[in-house]
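Have a look at the structure below, then the notes.
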Amino acid sequence: METLYSIINSIAFIGWIFLIFFPKKRWTFAIVANGGISAILALFYIYFIVGSFTGEATGGDFNSLAGLKALFQSDIALLAGWAHYLAFDLFIGAWITFNAQRLSLTHWKIVPCLIFTFMLGPVGWLLYFMVRAVMTKKVLHENF
């Protein structure tokens, strides 16, 4: 499980490196923006989630905090949750990068948003909306 954890972290990290340091390269768009790396992480997620259902039953559920805690008692279920976070946070990071490009925002001004998205998911996404509003003088955009 530790090896799989390292693999999915490395895959996600590569995507973040592409977004932060090579945002205008064609291969960044092809690999990250089109969802390629997130798709790979989603495949790991499927593998982990199927493994958690076929493994030892945890008796957990989504109806209470105790039930949720019980769901993540096994390593494979925990990895499924982690792969879920990695896939979606990277997808949002790609959206931020290419939305900013469509709006002609300076990349280095959104790098903090990407770092926060990488580390704290929704915080970075919210920060991007605030930075974008300040930089464009518009809160709402036709490009979401």
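The values are calculated or read from the model by the stated rules, or taken from the named source; none is laboratory data. Remember, predicted model here, so these are calculated numbers, not experimental data. Note: ideal-geometry Cβ built from the backbone for every residue, glycine included; neighbour counts use all protein chains shown. Side chains included, ligands, DNA and RNA excluded: accessible areas come from the protein's heavy atoms. Shrake-Rupley method; radii C 1.70, N 1.55, O 1.52, S 1.80 Å.
See the values below:
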item: Mean accessible surface per residue for region 1-134, computed with a 1.4 Å probe while every protein chain stays in place, in Å²; result: 59 Å²
item: Within the accessible area of the chain (1.4 Å probe), percent carbon and sulfur; result: 71 percent
item: Gain on full stretching of the segment that runs from Met119 to Gln101 - 0.36 nm per residue minus C-alpha separation; result: 4.3 nm
item: Cubic angstrom per residue, convex hull over Cα atoms of region 18-73; result: 109 Å³
item: Rg/Rh for the chain, where both radii come from Cα atoms and Rh is the Kirkwood radius; result: 1.06
item: Mean Cβ neighbour count within 10 Å, used as a protection proxy, ranking 92-102, 40-50, 129-139 highest first; result: 92-102, 40-50, 129-139
